[in-house]
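Chemist: Okay, handing you the structure first.
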Amino acid sequence: MNKRKITSGLLSLVIISTAAGCSSIRTSNDPRDPMENWNRKVQTFNDNVDKYFMKPVGQGYQWIMPSFADQAVTNFFSNINDIGVTINDLMQLKVAQSGSDGARFIVNSVAGIGGLIDVATMIDLPKHDEDFDQTLGVWGVPTGPYMVIPLFGSSTPRGISGAAGDAAMNPISYLDSGIITSGLFGLNAIDKRADNLTTEKIASEAAVDRYEFFKNAYLQRRKYLVYDGNLPEDEYDLEFDVDDESGAPLHPY
């Protein structure tokens with residue numbers, strides 16, 4: 001039931017956003033972004049939600065939570081995410097990596113006390129970033145036009161389908177209590193926002209056009225991940241800062 005609610009909610013947002021966007025499309029010089037007028041308005045809305053709600057909540061969370069507890073929460077959700085990572089590994093035919101990610105989940109779940117401690121990284125089982133959007137991309141599903149979804153942010157039609165698929169792979173979606181499910185997803189969102197407080201400054205301080213920064217950072221990052229960093233030479237055009245650890249284009253949030 002919870003999975004159906006989450007999936008239907010995501011699809012509803014796509015339908016509403018697309019319908020509203022079609023009524024306010026303007027000609028854009030960027031063929032990737034035919035709904036620029038609508039997208040800019042939605043990003044302004046999302047920025048205000050972040051400015052007046054999510055960012056203050058993230059700052060308060062970071063101030064209240066001891067660093068070890070903050071890291072434990074991050075590790076917990078990262079461990080749950082490894083279930084979907086392992087499944088997507090298999091769907092992308094990355095058999096060896098799926099074995100590593102599956103072992104990572106087992107090690108952290110058992111030795112890491114339910115994933116609160118990242119024991120797997122300590123024994124050289126690295127974290128990988130795989131999701132259903134990447135799986136669809138690997139199998140040739142086109143990205144589709146750039147979209148900004150209310151509350152969710154940058155995406156594409158393929159990205160929305162990917163998010164629905166990832167929700168279906170997340171065991172939290174199957175909990176009997178809707179309150180617990182919503183609470184855990186909410187905690188995960190707050191934890192991520194708190195962890196990205198420093199990264200977000202890049203968009204605020206370095207971008208001449210915040211909207212263009214978000215759009216290009218998102219699309220470049222998704223392409224980078226689909227190709228596992230091995231971009232064709234004619235497409236390797238990173239104009240923004242990259243993550244020091246992964247080398248991938250930064251996600252502002």
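The values are calculated or read from the model by the stated rules, or taken from the named source; none is laboratory data. Small disclaimer: the values here were computed from a predicted structure and weren't measured. For neighbour counting, all protein chains shown are included, and Cβ atoms are generated from backbone atoms with ideal geometry for every residue, glycine included. Only protein heavy atoms, including side chains, enter the accessible area calculation; ligands, DNA and RNA are left aside. Shrake-Rupley method; radii C 1.70, N 1.55, O 1.52, S 1.80 Å.
Chemist: Arg158 versus (1) of a type in the set (D, E, K, R); (2) touching a residue at least 40 places away in the same chain (Cβ under 8 Å); (3) part of a helix (DSSP H, G or I): which is the lone unmet condition?
Modeler: Answer for Arg158: the failing condition is (2).
Chemist: Could you count how many residues in the stretch 54-73 are open to solvent by 40 Å² or more (accessible area, probe 1.4 Å), under 17 Å from Gly183 (Cβ atoms) and in a helix (DSSP H, G or I)?
Modeler: Residues meeting the conditions: 3.
Chemist: Among Ile87, Ile64, which is the only one that is touching a helix residue (DSSP H, G or I) at 6+ places or on another chain (Cβ under 6 Å), at pLDDT 95 or above and among the aliphatic types (A, V, I, L, M)?
Modeler: Ile87
Chemist: Starting from residues that are surrounded by fewer than 18 Cβ atoms within 10 Å (Cβ to Cβ) and among the small types (Gly, Ala, Ser), keep the ones in the stretch 165-186 and report whichever is nearest to Phe105 (Cα to Cα).
Modeler: By that ranking, first place goes to Ala168.
Chemist: Let me ask you something else. Name the residue, out of Tyr218, Tyr224, Tyr211, that is under 16 Å from His128 (Cβ atoms) and at pLDDT 85 or above.
Modeler: After applying the criteria, what remains is Tyr224.
Chemist: With respect to Ala189, is the statement that it is among the aliphatic types (A, V, I, L, M), under 15 Å from the mean Cα position of the chain (by Cα) and buried (at least 19 other Cβ atoms within 10 Å of the Cβ) true?
Modeler: So Ala189 does not fit the description; no.
Chemist: Can you pull out the helices (runs of 4 or more DSSP H) entirely within the stretch 92-139 that have at least 3 residues that are without any contact (Cβ under 8 Å) to a residue 40 or more places away in the chain and surrounded by fewer than 21 Cβ atoms within 10 Å (Cβ to Cβ)?
Modeler: 95-110, 119-122
Chemist: For the stretch 33-70, name all the residues that are of a type in the set (D, E, K, R) and touching a Ser or Thr at 6+ places or on another chain (Cβ under 8 Å).
Modeler: Result: Glu36, Lys41.
Chemist: Here is a further query. Checking the condition closer than 18 Å to Ile80 by Cβ and surrounded by fewer than 20 Cβ atoms within 10 Å (Cβ to Cβ), which residue from Asp209, Asp195 passes?
Modeler: Only one candidate qualifies: Asp195.
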